[in-house]
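The values are calculated or read from the model by the stated rules, or taken from the named source; none is laboratory data. All values reported here derive from a predicted model rather than from experimental measurement. Ideal geometry is used to build each Cβ from the backbone, glycine not excepted, and the neighbour counts take in all protein chains shown. Accessible surface areas use protein heavy atoms only, side chains included; no ligands, DNA or RNA. Shrake-Rupley method; radii C 1.70, N 1.55, O 1.52, S 1.80 Å.
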Amino acid sequence: MNSLFQDAGYAVRTLRRNPVFAAVAILTLALSISATTAVFSTVEAVLLRPLPYPHAEQLVNIWETYGRDFSRMTAPFPSILDWRQQNQVFSDIAAYRVLSYEWILTGYGEAKRLRGVPATGNLFSMLGVRPQLGRTLVPLDDAPDAPAVALLSHRAWKEQFAEDAGIVGRTITLQGRAFTVIGVLPISFHLVETADVWLPLALGGPAEVTGRSYHPFVTIARLKPGISISTAQTQMETIASRLAQQYPDTDKGWGARLVGLQEDRVRGVRSALLVLFGAVCLVLLVACANLANLLLARATAREQETAVRIALGASRWQLMRLYLVEGGLLGVLGGALGLLLAAQLLRFVGTIGSLDILREVEIRIDFPVLLFMAAVSIGTGLLCGILPAWHQWASHPRETLAASGRAVNNRSQSLREVLVSAEIAIALMLLVGAGLLSKSFIRVLSVDPGFRPQGLLAINLALPEDQLQDTAKALELVRPLEAEIGRLPGVQDVAVVNALPLQTDTTQKSRFLPEYYTLSTGESLPVSEQRLPSARYFQTMGIPLKQGRLFDEHDYGASAIVVNETLARRFWPHETPLGHRININPMEKETRWGTIVGVVGDIKQYGLDTPSTLDIYISDPWPRWLVIRTAGDSLQLAESVRRTAQAVSSSIAVSSITTLSTMVDESVGQKKLLTLLLNAFSAAGLLLAGIGIYGVMSMVVNQRTREVGVRMALGAQVSDVLKLILSRGLRVAVIGWFAGMVGAFFGVRLLQSQLFEVGSYDPFTFTVMSVFLIAVALAACYLPARRASRVDPVVALRDQ
């Protein structure tokens, strides 16, 4: 141990004598380690950290499936009751409504909108959630005659009730109805991030809890100890098959799919985070290779000192340990600085809104992250010290002292070239990945959303409960607001609709059946996106008319419907769909027919990179969203619209004011973030590789200055010297390029899920990135070569 401390002291003194080298080495490691730590902190928080529930590995989501195209559908409450009764694999099953109620809170200053989520009373006990204050919902709260109670989220308690500890037991007014606050949830509870208030399921309408054709509930179950997901999946398939036979009119074609709650929670970000983590680890490897190059160069410069030490009796193991300790010390110092930089990077990561799940977790440097960082810091330091240590182990003191280090320098030069080739290979892998993602992102941005988002303002409306249950009353309340907003300066058009593009969820889906269309054996009823717009919706959104006509005021409540091109092509590929009828309610005893009066263009409901859906527009407006087309900057009208809504009716709460352009940007936010970060990592890798090849070629020039002087004295031209140096650098670059192409060929498979209309082996991207990399390598080689070509033969021969 004393020897180790002595080696550490010697390493510290050595670094003090070489402050520039120490600063470059520590900063290089700190930057790469900080980036790696920041990304790992996000990975740990999102993918590795267990959910804040006891035995969270037993929790699963039960999704319904429909046909081959729909694998993540919410369920009807009667089916959930059947699952409870017939299963033998779950200890409990709970549910909550996927769409929240938009309820108005009064009595606490200005009227505010709260999102209320109905849930079964056993949800919180099944999850094992302990309230911060009071109690949670219990099964008795589900009784039809139970008192109206409300459970506050921690955010709502903080923002709306100023963290009042006495709120429990008080009465609050939502939608004009009194609710008793029974508790406050802990800050760590994020099952539904947007939920402000949790309510008993009994508050839902009778159709929600009795109808088998209405699918509004997310289902969570807890597996019994020792039961695997595959075993439970088999039993749920049996139950689903049994229900399809028992209720053929409503359950035929429906199945069940189990997904672990943790896996389901990260389904949209897992591959993106793993790609980022892999990329930042590659950058760390490039930094290690660069630092190993620096240490190898210093070891070469200290060969005479090493040879003397061995001649005086020092063992090779002692000298090898000295180099390893020096590398480890650099790693520790780089890690310490990297820790400070990582903390700053995490502040930036915490402000990213492109990944919704980042709002649900606390990204911090906790013990697992510190452990990872310590391992990375020490590991990279030792990895960087291995090559210099091995180099001195293989050296021959007698040859070193006799040859003044030249023979040994050649050996170390070969090692450095191998390291630079590895850097170039990694840089090419990063460049290809960044190139593919960039091309994919450009393709996504070029997709036509099907409407004109510029100048569109979207406002979410919260209406009183009695209007929510009656379309006519809702329209009667909203129409004066439409008229007043239409009179505002800069407003060109106003419309209402039940759901907006890019804000779609599975509850807006509805089964339908065209007249005279016969389902083939095993075919399920087709599913459409159902929209309930006002007459001016298409003009306001800028959705083009392709055939027929749009709605007018006389169509309200009538049977006129409009469909999109994709639906028309599927069912009437060789004729016009105008005049044909569709049963838009085939699951009920009283069917509802709609006659197609027009065909409009497709719009992207789920994202710019998703296929077009089957869309049906019904002339029965449901004013959940108000859409306003403006002549100028739509956000400038936001406050005027809010004041107008308050002046027209105190019963209407306005929030979530945003623009359709913002919605489009947010829909590609994850791809944009991934593309930007991977481009940043690839730029860092390329820069480090360029520095590495520049350093190697500079060393070559320094070692061969005498040779260059002799050549030029014997008549060699400047071009000959340039060729001599550039050819060696190009050889290193080509070896690295070949290795990088092999690595990229296998590595791009990890990007397949992130690409849109771009093949994983896109030849254009591979070619452009290869040419770019070789060009950078040649530029890095040219500067030392140019310096060599200007050597004065007389000076070179005299100084050697």
Just name the residue that is nearest to residue 453 (Cα to Cα) out of those in the range 545-602 that are open to solvent by 60 Å² or more (accessible area, probe 1.4 Å) and under 37 Å from the mean Cα position of the chain (by Cα).
545
All-but-one check, residue 535 against (1) in contact with a strand residue (DSSP E or B) (Cβ under 7 Å, 6 or more places away or on another chain); (2) open to solvent by less than 10 Å² (accessible area, probe 1.4 Å), failing number (1)
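Conditions (1) out of contact with any Asp or Glu (no Cβ under 8 Å at 6 or more places or on another chain); (2) in a strand (DSSP E or B), marked per residue:
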{"position": "494", "(1), (2)": "no, yes"}
{"position": "502", "(1), (2)": "no, no"}
{"position": "516", "(1), (2)": "yes, no"}
{"position": "523", "(1), (2)": "yes, no"}
{"position": "535", "(1), (2)": "no, no"}
{"position": "540", "(1), (2)": "no, no"}
{"position": "546", "(1), (2)": "no, yes"}
{"position": "550", "(1), (2)": "yes, no"}
{"position": "569", "(1), (2)": "yes, no"}
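Conditions tested, residue by residue: (1) surrounded by 17 or more Cβ atoms within 10 Å (Cβ to Cβ); (2) closer than 30 Å to residue 683 by Cα; (3) under 25 Å from the mean Cα position of the chain (by Cα).
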{"position": "30", "(1), (2), (3)": "yes, yes, no"}
{"position": "34", "(1), (2), (3)": "yes, yes, yes"}
{"position": "41", "(1), (2), (3)": "yes, yes, yes"}
{"position": "44", "(1), (2), (3)": "yes, yes, yes"}
{"position": "48", "(1), (2), (3)": "no, yes, yes"}
{"position": "53", "(1), (2), (3)": "yes, no, yes"}
{"position": "59", "(1), (2), (3)": "yes, no, yes"}
{"position": "66", "(1), (2), (3)": "yes, no, no"}
{"position": "74", "(1), (2), (3)": "yes, no, yes"}
Return the residue satisfying two criteria in turn: it lies in the range 66-94 and is at pLDDT 90 or above and polar (S, T, N, Q), and of such residues it is nearest to residue 275 (Cα to Cα).
91
Quick check on my filter: what residues within the range 97-144 are touching a strand residue (DSSP E or B) at 6+ places or on another chain (Cβ under 6 Å) and of a type in the set (Gly, Ala, Ser)?
100, 107, 111, 116, 119, 134
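Determine whether the range 613-635 contains at least one residue that is in contact with a strand residue (DSSP E or B) (Cβ under 8 Å, 6 or more places away or on another chain), assigned to a helix (DSSP H, G or I) and surrounded by fewer than 18 Cβ atoms within 10 Å (Cβ to Cβ). Before the answer, list the steps.
The initial filter retains those residues of the range 613-635 that are in contact with a strand residue (DSSP E or B) (Cβ under 8 Å, 6 or more places away or on another chain), namely 613-619, 621-631, 634-635.
Now narrow it down to the ones that are assigned to a helix (DSSP H, G or I): 634-635.
Then drop every residue that is not surrounded by fewer than 18 Cβ atoms within 10 Å (Cβ to Cβ), which leaves 635.
Yes, some residue in the range 613-635 is in contact with a strand residue (DSSP E or B) (Cβ under 8 Å, 6 or more places away or on another chain), assigned to a helix (DSSP H, G or I) and surrounded by fewer than 18 Cβ atoms within 10 Å (Cβ to Cβ).
Please go through the range 428-463 and pick out each residue that is part of a helix (DSSP H, G or I) and farther than 25 Å from residue 670 by Cβ. Can you show your working first?
Our first condition is that a residue be part of a helix (DSSP H, G or I); within the range 428-463, this holds for 428-445.
Across the range 428-463, the qualifying residue is only 428.
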Go through the range 134-151 and report how many residues are open to solvent by 40 Å² or more (accessible area, probe 1.4 Å) and of a type in the set (A, V, I, L, M, F, W, C).
2
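Please find, among 618, 603, 584, the residue that is among the aliphatic types (A, V, I, L, M) and in contact with a helix residue (DSSP H, G or I) (Cβ under 9 Å, 6 or more places away or on another chain).
Values: 618 fails: in contact with a helix residue (DSSP H, G or I) (Cβ under 9 Å, 6 or more places away or on another chain); 584 fails: in contact with a helix residue (DSSP H, G or I) (Cβ under 9 Å, 6 or more places away or on another chain).
Only one candidate passes the filter, namely 603.
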Need a quick list: helices (runs of 4 or more DSSP H) entirely within the range 693-800 having at least 1 residues that are under 23 Å from residue 438 (Cα atoms) and modelled with pLDDT of 70 or more.
718-747, 763-789
Just checking, does the range 342-365 include any residue being within 19 Å of residue 292 (Cα to Cα) and either in a helix (DSSP H, G or I) or at pLDDT below 70 (or both)?
no
Filter result for residue 606 (over 39 Å from the mean Cα position of the chain (by Cα), open to solvent by 50 Å² or more (accessible area, probe 1.4 Å) and touching a residue at least 12 places away in the same chain (Cβ under 8 Å))
no
Within the range 473-527, considering residues that are touching a residue at least 24 places away in the same chain (Cβ under 8 Å) and among the aromatic types (Phe, Trp, Tyr), the one most open to solvent (accessible area, probe 1.4 Å):
517
Per the filter on the range 251-274, residues closer than 30 Å to residue 743 by Cα and either at pLDDT 90 or above or charged (D, E, K, R) (or both) are 263, 267, 270
Cβ-Cβ under 7 Å pairs, at least 6 apart or on other chains, the range 64-89 side assigned to a helix (DSSP H, G or I), far side open to solvent by 10 Å² or more (accessible area, probe 1.4 Å)
77/208; 77/209; 78/210; 78/212; 79/212
